[in-house]
Amino acid sequence: MKQFISLLITSLNVNFGISALRYRFTKEKKHLWEPILIGLSIILGGGSIIALYTVFLQGVYKGGQMLNSPELVLLIAILACQFMVFIFGIFYVISAFYFSNDIDLLVPLPLKPYHILASKFIIIMVNEYLVAWPVLLPAIIIYGTGMRPGLMYWLKSLLVLLLTPVIPLVLVSIFVLILMRVVSIRKNRDVLVVLGSLLGLLLGLTINYFAQKLPEGNSQQFIQDMIVARADVIKLIGQRVPPSTWATYGLAMQTLEGWMYFILYLLISLTLFGLLMWLGNLFFYKGLLAGQEVNRGRKKLSAQSINAQLEKASSPVIALFLKEWKLFLRTPVYAMNGLAGMIMVPFLILMPFIARAEEMKALLTQIRQPQFAMQVTLGSAGLVLFASSINIVACTSISREGKTFWISKMIPVPARQQVTAKLLHSMAISGIGVVVTTAVIGIALKLSIIRMFTIFILCLLGNVLLNALNLLIDLLHPRLEWDNPQEAVKQNLNGLFSILFTLAVLALSAILTALLVQLRASEWIIHAALGLTMGFLAIPTLAILYTLAESQYRRLEA
Amino acid sequence: MLRISNLSKSYNRGAVKAVDGLSLHVKPGEIFGFLGPNGAGKTTTIKMIVGLLNPDEGSIIVNGYDNQKNPIEAKKSIGYVPDNPVVYDNLTGMEYLNFMADIYQVPVTLRKERINYFLEMFDLTDAAGDLIKSYSHGMKQKIALAGALLHNPALWIMDEPMVGLDPKSSHLLKELMRQHCQKGNTVFFSTHILEVAERLCDRIGIIHRGKLIAVGTLDELRRGEQSETLENIFLELTEQ
């Protein structure tokens, strides 16, 4: 037990970077603003989503009250929570059980397999609380303040908050343990990243589709009506997922029956956890070790094909550009994060046309009137610029080098040329985004070729400016210390700056347009003014980027 | 070929002096072994020579070029292999070598000849089409070695090159070091394996706590006592 406690404390420390944070708070005060800024943006971003969700739950609660089933709000929150824990859990569990960096270190230690499994499980559970509590707490508070069920309700809800992730996580873990015995996912880590990203994308699009279906006006009333109409379906789903019903009735009913439900819920949670530990002892290491072999394609190259590949020499800038491309496309987390926005936005544009075809038809006929041509062109340009610039390509291009940065420092290629290759790569990706989104919008809105060309040029110029700014921020503040490529793109503060830059440029363009419209400037003058502004802003940004490149490359040590 | 003058580097705002006033001259055509206990400053010195770290003081002249004032020309003369070569995992071995050939502007006919030669020599021909992430540590080491030699550098610098290599590759590497010097080039490498340094090096430098405490041929280090092994000399010097 002592061993396990020590393992758990160390694992929690590593997972949440407690020692690293302590070091940062005491020794590296210069970088203290980073975690604070990340925390603030999470609170702000998360807070607005929770506020919207709370409004939804209030609708559910009122609908439930009308049916004399106010506990529906608890049932829906618990169901949603268990569903989310289950979905996120699949990836958390696979990566924590089989891909984490410390696995190779822990396996040779004299620990029982279930020690490692239990410590990993608890860490995942703590991580899942970040998802589960924002989903559960508003429902518990709405029900508790509305029904006033007494002190025991609040005490039991504490236990529910702690235990709700257990059952879905145990089920996921058992599924993963068996899966790892059958197929070796460890060999195909990249496939998992792609699958995860696609699932995320699909989830986003589905939510968007249903959000489009929501009528305008009083959405709370709509939810209330929907709950009244569909309560039987919700209860039926609840019956199919019995633990959610047990937890709901266990919480809501303060009678002996309620206590029975509650105890049943606790017992099943603990029993399943015990079962997982038992299975872990039997299967965990077997699946882990089966995945250890190295997967090598062993495509033998003939002397001819080797020579064929060596036939063409490139300049250093082209060689660096091609290397950027290959690494970007072959690292799934980079490719998915870099290209996701460009795939998502055209879909999001098309979504209303699919979800609300009739209403959109009328709107489209209006929009296509010649008197709105300027607004439509500029609005489309804004959308295209947004879609093509919210990728993580430029703002992480130096960070992504990570431990291979020594090569960039060592090679006899001036920093300016290295930055040029990165800028070209970022522009190529943004260029694809501009072309695809312009084409989708152009077709949907039946824009003329000349207007599509205008959008294309404006957005290309905008992207020169934004990519130069994003590269500059990464040059000044790269995140080179990482073990997993995810950290280079997803836990990189530069991504946040990149979005802020895009919003700032869009805001600037909007202000400039409004001013010119007030001055009664013609449409083409406005387009020209916007293009020239982007161009003129890009010149000093590029100048600063190239001026700082040499000194920054020298300053960064590898 | 390599002239280091009064080189210093410290970490933690001067609290830890990693290299302290080091001066050294390595001549063309020689194999120079750089020895020292763990944490003595070997890797820091090497990283400053190749431009990965910036010195606090002092100068480094590589093939006539000051690596602070004229870094690109200095780097063109260097081929460097770090102790743990982390190379681009998602390139194939072949793509990595071709990339290095492009970067050092090796002409097509020469690169064909050299890449084929190194792939054959290090037994990597069959793996050249695979992604580097599928390579073992030794294979990564060998692909980094080949990448560093494609442009036939005047100064070949390696940090602990024998670590991770199998006996055959280690033997080949030693042969390669000799051949490289016979062509008038220079080899500078750090090692913990004293037997290798004893047999291979024309001259040896010993660094301890950031200072160069001895430099010379093995005979010069023995100071007349022929029975002294390098191990004894090393231990005597570094335990003082």
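The values are calculated or read from the model by the stated rules, or taken from the named source; none is laboratory data. Please read these numbers as outputs of a predicted model, since none were measured by experiment. Neighbour counts are summed over all protein chains in view; Cβ atoms, including those assigned to glycine, are modelled from backbone coordinates with ideal geometry.
Number of residues in segment B:35-59 that are within 14 Å of another protein chain (Cβ to nearest Cβ) and farther than 22 Å from B:PRO161 by Cα equals 3. Here A:ASN467 meets each of (1) more than 17 Å from A:THR377 (Cα to Cα); (2) at pLDDT below 95; (3) among the polar types (S, T, N, Q) with one exception, condition (2). Can you pull out the residues in segment B:67-91 that are assigned to a loop (DSSP other than H, G, I, E, B) and at the interface with chain A (Cβ under 10 Å from one of its Cβ atoms)? Result: B:GLN68, B:SER77, B:PRO82, B:ASN84, B:PRO85, B:VAL86, B:VAL87, B:TYR88, B:ASP89, B:ASN90, B:LEU91.
Being crowded, with 18+ Cβ neighbours inside 10 Å and out of contact with any Gly (no Cβ under 6 Å at 6 or more places or on another chain) holds for only one residue in A:LEU545, A:LEU532, A:LEU512, and it is A:LEU545.
So, A:LEU378, is that one crowded, with 21+ Cβ neighbours inside 10 Å, more than 30 Å from B:TYR96 (Cα to Cα) and either of a type in the set (Phe, Trp, Tyr) or within 33 Å of the chain's Cα centre (by Cα) (or both) or not?
Criteria met by A:LEU378.
Considering each residue of segment B:86-106 in turn, none proves to be surrounded by 23 or more Cβ atoms within 10 Å (Cβ to Cβ), in contact with a helix residue (DSSP H, G or I) (Cβ under 8 Å, 6 or more places away or on another chain) and closer than 22 Å to B:GLY205 by Cα.
Conditions (1) over 21 Å from B:LEU176 (Cα atoms); (2) more than 10 Å from every other protein chain (Cβ to nearest Cβ); (3) β-branched (Val, Ile, Thr), marked per residue:
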{"position": "B:GLY93", "(1), (2), (3)": "no, no, no"}
{"position": "B:TYR104", "(1), (2), (3)": "no, no, no"}
{"position": "B:VAL108", "(1), (2), (3)": "yes, no, yes"}
{"position": "B:PHE122", "(1), (2), (3)": "no, yes, no"}
{"position": "B:GLY138", "(1), (2), (3)": "no, yes, no"}
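Only residues that are of a type in the set (S, T, N, Q), at positive phi and not in a loop (DSSP other than H, G, I, E, B) were counted across segment B:15-66, and they come to 0.
Do any helices (runs of 4 or more DSSP H) lying entirely in segment A:341-456 carry at least 3 residues that are away from chain B (no Cβ under 14 Å), and which ones are they?
Output list reads A:357-367, A:373-389, A:415-445.
For segment A:233-290, the tally of residues that are without any contact (Cβ under 8 Å) to a residue 24 or more places away in the chain and polar (S, T, N, Q) stands at 3.
Of note, B:ILE132 satisfies the criterion of being under 20 Å from A:PHE328 (Cα atoms), more than 9 Å from chain A (Cβ to nearest Cβ) and among the β-branched types (Val, Ile, Thr).
In segment B:49-61 there is at least one residue that is over 22 Å from A:PRO316 (Cα atoms), without any contact (Cβ under 8 Å) to a residue 60 or more places away in the chain and charged (D, E, K, R). Scan segment A:317-328 and tell me whether some residue there is over 38 Å from the mean Cα position of the chain (by Cα), over 21 Å from A:PRO485 (Cα atoms) and either at the interface with another protein chain (Cβ under 8 Å from one of its Cβ atoms) or part of a helix (DSSP H, G or I) (or both). Within segment A:317-328, not a single residue is over 38 Å from the mean Cα position of the chain (by Cα), over 21 Å from A:PRO485 (Cα atoms) and either at the interface with another protein chain (Cβ under 8 Å from one of its Cβ atoms) or part of a helix (DSSP H, G or I) (or both).
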